[in-house]
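First up is the structure itself, then whatever we jot down about it.
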Amino acid sequence: MTLKSLIVGALFATTALSASALSAKEMNFAIVTPPEGHYGLGAKAFAEKMNELSNGEFTINVMAGGSLGGERELLEGEQIGTIDLAMTSTGPVGSFVPEIYALDFPFLFKDYDSARTILDGEIGKELLVKFEDKGIIGLGWSENGFRHITNSVKPIRTPEDVQGLKLRTMENQVHIDAFQELGASPTPMSWTEVLTSLQQGTIDGQENPVPIITSNNMWDMQKYVTLTGHVYSPAVITMSKIQWDQLSDEEKGWIEEATKAAVSATRAKVDEDEANGVALMKEHGMEVIEDVDKQAFQDAVQPTYERYGAEYGEEMIQRIRDAQK
Ligand code: EAX
């Protein structure tokens, strides 16, 4: 190779490098909830932190309200690289990463502090690693919240009151089974169909945490809410492995820092919604049933543990229980 061609090659490489180093990187961050809700504020914090750490090189576009699809489609999109980042509940995750079903059992987590401590610790880290061989990077555990039942038919005070109600559940086998145990007619569907289905009356009710109920003004379509707190619903921040593998180590570090910022922002909003949400529901005319016999509901869904515990991680479930003693 002549000196001239060496110099030309070096110049080209430098130009190409500087061009790629300067080329702004744009990624989408998909959520199914409103932009100003708990996931939206987390995604916004992620975008701001990425922009700050990369000196403006990274632009993260938050795509809210299910604009890029339901939660199952977002995870499928990450597997093929059309979705870069997402924050979803664990609803459909178990069908991609079965080990995650262990988190979805009713009455497993005692309270928010226990759930956050466990998910931020060894157990949470062990479960995040399970995503990678499915083409998804588990970046961090965020939060949806403790789920409650809403409906438009009657006040639910006991498990018997649930019988016969058409209640939407997430596309989650453990939840479907638990509501079958309660005698409901569980109707699994993507979140993106729920509000319309409630407005049209094709379902009687659904179950979701306070932040979802308030950020979607569910008082417009649901008269009753029963504070069962029947399951803690984690959220998870994920990234397409296709995109992740193209990042430098420094850029991966930025993603990890941005994830921490997102988790803090989402959890802060959940705390705020938990503090104000019930009053807001009452202000908007919902009848809030607060004196719930949780033990009765817990006893009623016990067969779900017997039926699915072995299949979906008895050992992990026991570890989570032991970690809360
Ligand atoms: O992740 O599907 C659900 O009910 C979820 O709680 C909601 O989409 C937020």
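Derivation of every value follows stated rules applied to the coordinates shown; laboratory data play no part. Remember, it's a predicted structure, so these values are computed and weren't measured experimentally. Ideal geometry is used to build each Cβ from the backbone, glycine not excepted, and the neighbour counts take in all protein chains shown.
So how much slack lies between residue 315 and residue 55, counting 0.36 nm per residue of separation and subtracting their Cα-Cα distance, in nm?
Numbers: separation 260, 0.36 × 260 = 93.60 nm, distance 4.48 nm.
Full extension of this stretch gives 89.1 nm more.
Taking 0.36 nm per intervening residue step and subtracting the Cα-Cα distance, what contour gain separates residue 202 from residue 163 on full extension? The partial results should precede the final answer.
Working: separation 39, 0.36 × 39 = 14.04 nm, distance 1.66 nm.
Roughly 12.4 nm would be gained on extension.
Net charge near residue 25: determine it from the other residues with C-beta under 9 Å of the C-beta of residue 25, scoring Lys and Arg +1 and Asp and Glu -1.
Values: positive: none; negative: 26, 57, 251.
Charge balance in the 9 Å sphere: -3.
For residue 125 and residue 279 in one chain, what is 0.36 nm times their gap in residues minus the Cα-Cα distance, to one decimal in nm? Please list the in-between numbers first.
Numbers: separation 154, 0.36 × 154 = 55.44 nm, distance 3.58 nm.
Length difference between fully extended and current span is 51.9 nm.
Skipping prolines and chain starts, which residues have an amide H placed within reach, meaning under 5 Å, of the one on residue 289, given they are 5 or more residues away or on another chain?
HN-HN under 5 Å from residue 289: 225, 226, 227.
So which trypsin sites (Lys or Arg not before Pro) in region 97-167 end up in coil per DSSP with only 16 or fewer other C-beta atoms within 10 Å?
Working: sites: 110, 116, 125, 130, 134, 147, 157, 166; in loops: 110, 130, 157.
Those satisfying the criteria are 110, 130, 157.
Which of the helices in the chain meet the span-like rule: DSSP H, Cα axial reach of 27 Å or more, Kyte-Doolittle mean at least 0.5? Don't jump to the answer; show the numbers that get you there.
Working: long enough: 3-22 (28 Å, 1.57); 249-283 (49 Å, -0.77).
Passing helices, by number: 3-22.
Please give the calculated 222 nm ellipticity per residue for the chain, where each DSSP H segment of at least 4 residues contributes -39500 (n - 2.57) and the sum is spread over every residue; nearest 500 deg cm²/dmol? Let's see the in-between values first.
Numbers: 14 runs with 151 residues, N = 325.
That comes out to -14000 deg cm²/dmol.
Output the antiparallel fraction of DSSP beta bridges having both residues in the chain, as a percent to the nearest 5. Numbers along the way, then the final one.
Values: 23 of 40 bridges.
So the antiparallel bridges in the chain amount to around 60 percent.
For region 3-322, what is the relative contact order in percent, using Cα pairs closer than 8 Å and at least 6 residues apart in sequence?
On the way: 608 pairs, mean separation 82.6, N = 320.
Relative contact order, region 3-322: 26 percent.
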